[in-house]
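To start, the structure under review is shown below, and the notes come after it.
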Amino acid sequence: MIYTFFSRALSRLTRFFTTLYLPSFLRNLILGTFVKSFGLNLNEAEHPLEHYTSFDIFFTRDLKSGARPLDNSILVSPVDAVIQEFGDIKDDGQLIQAKGVPYSLDTLIPDCDNSHFKGGQFITLYLAPHDCHRIFSPVDGEITGWQHVPGFLFPV
C-alpha cells in the first residue's frame, strides 16, 4: 500500500517536471546536458534543440522525413529499442515480460478474451534514455480504443 502511494507520487512528480515549459534560454542547457549525458543522435530530429519547449516534447520528438527508410520485406520495430525478452506464451497464459518478472495474459490484457494469444509468442522491447520514445508505424492506422491496466507505476 505504501509502495503504491510513493510510486504513484514519484510518477506524478516525474510527469510534472517533464511537462514544465522550458524558457528558450534554458533549453540548450537542460536538453543539451541530457543529449550529451546519454549520447542522443540529433541528426535525425525534425527540429533543432531550441524548438522543444518541454522535456516531454523533446523525448517524444518526431524524426526528419526519410530519416528511417523502411524495408518492406522485413518486420520492423515501431520504436527505437533493443529486444529485452522474447519467447513462447505458455498454454496457461504465462510469459516473461519486463526485467524477468513473470506476467500472465490475464494480468496484461484484463477484461477480454485473450485465449487466441495462448501458444503464440511475445517480445519485450526496452527503450533506453537515448532512444526516441515516439511510436512509429510503417502503415496508416487509427487507434480505436485503449485500456488502463492498473498496477504499480514505475517512472522512467
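Residue by residue through the range 1-38, note down the ones that are closer than 18 Å to P129 by Cα, in contact (Cβ under 8 Å) with a residue 24 or more places away in the chain and among the β-branched types (V, I, T).
Within the range 1-38, T14, T18, T19, I30 meet the criteria.
In the range 75-91, which residue that is part of a loop (DSSP other than H, G, I, E, B) and either in contact with a Gly (Cβ under 8 Å, 6 or more places away or on another chain) or open to solvent by 100 Å² or more (accessible area, probe 1.4 Å) (or both) is farthest from R134 (Cα to Cα)?
Per the criteria, the residue is D91.
Would the range 92-104 turn up any residue that is among the polar types (S, T, N, Q), open to solvent by less than 50 Å² (accessible area, probe 1.4 Å) and not in a loop (DSSP other than H, G, I, E, B)?
yes
Check off (1) loosely packed, with under 11 Cβ neighbours inside 10 Å; (2) in a helix (DSSP H, G or I) for Y21 and give me the number that stays unchecked.
So Y21 meets the others, but not (2).
Can you name every residue in the range 24-38 that is exposed (fewer than 10 other Cβ atoms within 10 Å of the Cβ) and touching a Pro at 6+ places or on another chain (Cβ under 7 Å)?
Within the range 24-38, none qualify.
Restricting the range 89-139 to residues that are small (G, A, S) and touching a Leu at 6+ places or on another chain (Cβ under 8 Å), which is modelled with the lowest pLDDT?
G93
Taking the condition of being under 21 Å from A67 (Cβ atoms) and aromatic (F, W, Y), how many residues in the range 8-48 meet it?
Residues flagged as under 21 Å from A67 (Cβ atoms) and aromatic (F, W, Y) within the range 8-48 amount to 2.
Give the residue that is farthest from the chain's Cα centre (by Cα), with candidates limited to residues of the range 1-32 that are closer than 19 Å to L127 by Cα and of a type outside the set (K, R).
L31
If N72 satisfies every condition in (1) surrounded by 12 or more Cβ atoms within 10 Å (Cβ to Cβ); (2) in contact (Cβ under 8 Å) with a residue 60 or more places away in the chain but one, which is the exception?
It fails just one condition, (1).
Mind checking which residues of the range 39-58 are surrounded by 14 or more Cβ atoms within 10 Å (Cβ to Cβ), assigned to a loop (DSSP other than H, G, I, E, B) and touching a residue at least 40 places away in the same chain (Cβ under 8 Å)?
Result: L40, single match.
Keeping to the range 102-134, report how many residues are closer than 26 Å to T33 by Cβ and of a type outside the set (D, E, K, R).
Looking only at that region, the number is 7.
Determine which member of the set R61, R12 is crowded, with 16+ Cβ neighbours inside 10 Å and among the basic types (K, R).
Being crowded, with 16+ Cβ neighbours inside 10 Å and among the basic types (K, R) holds for just one of R61, R12, which is R61.
The values are calculated or read from the model by the stated rules, or taken from the named source; none is laboratory data. In this text, all values refer to a predicted model and were calculated from it rather than measured experimentally. Positions of Cβ are backbone-derived with ideal geometry, glycine not excepted, and every protein chain shown enters the neighbour counts. Accessible surface is based on the protein model in full, side chains and every heavy atom, while ligands, DNA and RNA are left aside. Shrake-Rupley method; radii C 1.70, N 1.55, O 1.52, S 1.80 Å.
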